[in-house]
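The numbers here are math on the coordinates, done by the rules we state, and not lab data. This one's a predicted model, so the numbers in the text were calculated from it and none came from an experiment. Cβ coordinates were reconstructed from backbone atoms using ideal geometry, including for glycine residues, and neighbour counts include every protein chain displayed.
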Amino acid sequence: MKRRQFLGTLASLPALPAALNAQEGPPVPDPVERMTAPNWPTINLNHLGFRPRVGQKALVVRALATPPPAQFTLSDVSERHFRFTRALSRVNSDFGPFLVADFSDLDHPGLYQVTVGNERSVQFAIQEEVWRRTVPKAVGYYRYQRCGVEVPLVHPACHLDDARRRDNGEHVDEVGGWHDAGDLRKWMDVTMLNGIALLNLLRNIPEPRPGDVTHEQILEEVRFGNRYFLKMQDTDGKIWADVAGGVNGDNSDNHWTDNDIGTSDDRYLNTAKRSGTAAVFTTLEALAAQFYIKTDPDYAKQCLDAGVRAWKAFDRPPDSTEDCAWWTLAACELFRATLQSEYREHAMLLGRDLLRRQNTSYLADQRQVRGFWMNGDQPYMDIVNSAMPPLALLHLYDTFPDAAARGKWKDAVQLHIDEYLTPMAGRNAYRVIPLGLFLGSPTPEKYRPLAGGLTYRYFHPTRKQYWWQGANCHLASNALLLGWFSKLAGDKAGAYAGLAYRQLEWIMGANPFAACMMTGEGMRNPFPHSRFVGLIPGGIMNGIAGNTKDEPVLDMEYTLDWRTCEYWSPHVAFYIWANSVLEGIGLSS
Ligand SMILES: [Zn+2]
């Protein structure tokens, strides 16, 4: 079936939200900015439930009533006649007054429900597999996002005419890859994260248990995406940025096409070559080299050669902290794939650079937090790569067990977690980590005072630039960091794993909207901004963003808001990767 015929079977597609075509100019209020949390429900908990002996079991109650409720009752709703009533603890917190119900001591597997006054929570499980059973669904998300092939029951073969070069109009075969989000565009840096997460799932769960995604499925999915990634390498070894990202940053290439090469609807190949994209590419190809070597050595060599070419094409030191982190990962994975000292030596240099970029003294006349990363003279902040600098140090730590700097890498991550992430998460009852620190108030909106000249926001500033959105990937990547570090942390392992799960719990319903943001799990799901294929089981939306007051906002009104409700690759990728690490915790106890 030709693409146009398929489109004819659909009701007319909605017009693009006007905001999606907006370009330069001062930011204007977006309708989602008024979509603050409703007064009901007041019970906020992760809808999946809890592992019996890992992490903290707690839920948050928004103290909106006067007087606030004093106690909660927890009941077994399955077969046992079991219940208890306990006091709620009042906590000081950002976002308003809260009460916390803690039942961490309850480790009997079962299905439970909490009531506070007349309000019931969703039912939730205490069971070892509560998180693990969501992972196949998250992995299945990628099949729906396949481009260049028919996805049965989802869409016929699409974009067989990708793509024409922006610079000279020449056609280049760029069929394949994954659509990146609730749109049809194919950014390299973020969709390659999918492959990296899937191969790390394979690395961290080397022996799948019944019900898990099989290694064959993972390898097949990664190879599918990687056909496109490999085609995005230019003859000089460098990596092109995207297909259909939109000319001049607009949304003009976000459409189905007629699949005929040379017609006016062909989408554009962005031939920009960025250092960070090449670093992610090198990381992925060096990983692939390790994981296909047994089943397909020729393919493994093809991937390795591509990764080495990309590495060699960028031989100058990275400028940004983000690029420095990714080149560190690339060096680690190339060393693992080849055992060549060249990569080890570069990894040591990059590790030194990463340590130099960490703020170990107290910035801006305060003594409350340190250990965060800097990018130039500003605190580092990037929603996708939020945790990449410390994650890169953990990669070094795992890759080079005999390195002299190993203690320094571990200490740097510990400082970051103990003196930055943990105290910042402690400022709210949900224990989520704010998006970042700022120096003063760089834009005309609320920045929460921290101490000295430092401020923070939980969410992107909305008056800095047009692009601001929810950042579930920021939470999931920090969950990955905390979960990974907990394995090195001895007595503090439980606290770190618990904080890791709190980040994922926000995504799964422990938030002021009591909304689960993965399609196919939990309750009160927002409807996703997914204008071409609709619901995708396992898809994770951008998530709760903030308005000018840094109050949580989320579109629960089905307005197709992309800032909060669009699916996006990095959320799913870091969710899978984080769970792959967290699953290994506590199994032997
Ligand atoms: Zn497509």
Inset, instruction - Give the angle, between 0 and 90 degrees and rounded to the nearest 10, that separates the Cα long axis of helix 472-486 from the longest principal axis of the Cα atoms of the chain. - result: 80
Legend entry - Distance between modelled label sites at residue 170 and residue 523, nm, 7 Å Cα→Cβ extension: 5.9
Legend entry - Theoretical FRET efficiency, 1/(1+(r/R0)^6), r = Cβ-Cβ of residue 151 and residue 465, R0 25 Å, to 0.05: 0.15
Inset, instruction - From zero up to wherever the largest Cα-Cα distance of region 431-589 sits, split into 10 Å bins and tell me the percent of pairs in each. - result: 11, 36, 33, 17, 3, 0
Inset, instruction - Once you have the Cα-Cα distance between residue 439 and residue 119, take 0.36 nm times their residue separation minus that, and quote the gain in nm to one decimal. - result: 111.0 nm
Inset, instruction - On each of the three principal axes of the Cα atoms of region 143-215, give max minus min coordinate, whole Å, ordered largest first. - result: 49, 28, 20
Legend entry - Cα Rg, Dmax, region 473-530, angstrom units: 13.4, 44
Inset, instruction - Please report the Cα spread of the chain along all three principal axes, rounded to whole Å, starting with the longest. - result: 69, 63, 53
Legend entry - region 43-126 - Rg (one decimal) and Dmax (whole number), Cα, Å: 12.5, 39
Inset, instruction - Would you kindly calculate the translational diffusion coefficient of region 145-316, applying Stokes-Einstein with the Kirkwood radius from alpha carbon pairs, for 4 °C and a viscosity of 1.567 mPa s, and quote it in µm² s⁻¹ without decimals? - result: 78
Inset, instruction - Over all alpha-carbon pairs in region 249-342, figure out the percentage whose distance exceeds 21 Å. - result: 47
Inset, instruction - Starting from the amide H of residue 471, placed 1.01 Å from N in the peptide plane, find each other amide H under 5 Å away whose residue is 5 or more places distant or on another chain. - result: 544
Inset, instruction - Using a cut-off of 12 Å between beta-carbons, work out the net charge of the residues near residue 306 (Lys and Arg +1, Asp and Glu -1, residue 306 not included). - result: +3
Legend entry - 3J(HN,Hα) from dihedral phi, region 369-374, Karplus parametrisation 6.51/-1.76/1.60, rounded to Hz, x for glycine, proline: 9, 7, x, 7, 8, 10
Inset, instruction - Take the alpha-carbon centre of region 508-548, take the same for region 414-444, and report the distance between them in whole Å. - result: 24
Inset, instruction - May I have the pair-distance distribution P(r) for region 485-565, computed from all Cα-Cα distances with 5 Å bins from 0 and rounded to whole percent? - result: 3, 15, 22, 20, 13, 10, 9, 5, 2, 0
Inset, instruction - Give me the number: length gained by fully extending residue 361 to residue 404, i.e. 0.36 nm times residue separation minus the C-alpha to C-alpha distance, one decimal in nm. - result: 13.2 nm
Inset, instruction - Return the Cα extents of region 376-416 along principal axes one, two and three, sorted largest first, each rounded to a whole Å. - result: 32, 19, 17
Inset, instruction - Grab the beta carbon distance between residue 320 and residue 111, set R0 = 51 Å, and tell me the FRET efficiency rounded to 0.05. - result: 0.60
Inset, instruction - Note down the Stokes-Einstein diffusion coefficient of region 90-147 in µm²/s, whole number, using a Kirkwood radius over alpha carbon pairs, 20 °C, and 1.002 mPa s. - result: 143
Inset, instruction - Give the share of C-alpha pairs in each 5 angstrom bin for region 326-383, from 0 to the last occupied bin, in whole percents, shortest bins first. - result: 4, 18, 21, 17, 13, 11, 9, 5, 2, 0
Legend entry - Alpha-carbon radius of gyration plus Dmax, which is the widest Cα pair, for region 71-179 in Å: 24.9, 73
Legend entry - Computed helical MRE - 222 nm, the chain, DSSP H runs ≥ 4 contributing -39500 (n - 2.57), nearest 500: -10500 deg cm²/dmol
Legend entry - Relative contact order [Cα under 8 Å, 6+ residues apart], the chain, whole percent: 17
Inset, instruction - For region 205-304, build the convex hull from the C-alpha positions and give me its volume per residue in Å³. - result: 159
Legend entry - Globularity ratio of region 398-467, using Cα Rg and 2.2 N^0.38 Å: 1.46
Inset, instruction - Output the Kirkwood hydrodynamic radius of region 106-243, Cα pairs only, in Å rounded to one decimal. - result: 17.8
Legend entry - Amide H contacts of residue 372 (H built 1.01 Å from N, under 5 Å, at least 5 apart or other chain): 359
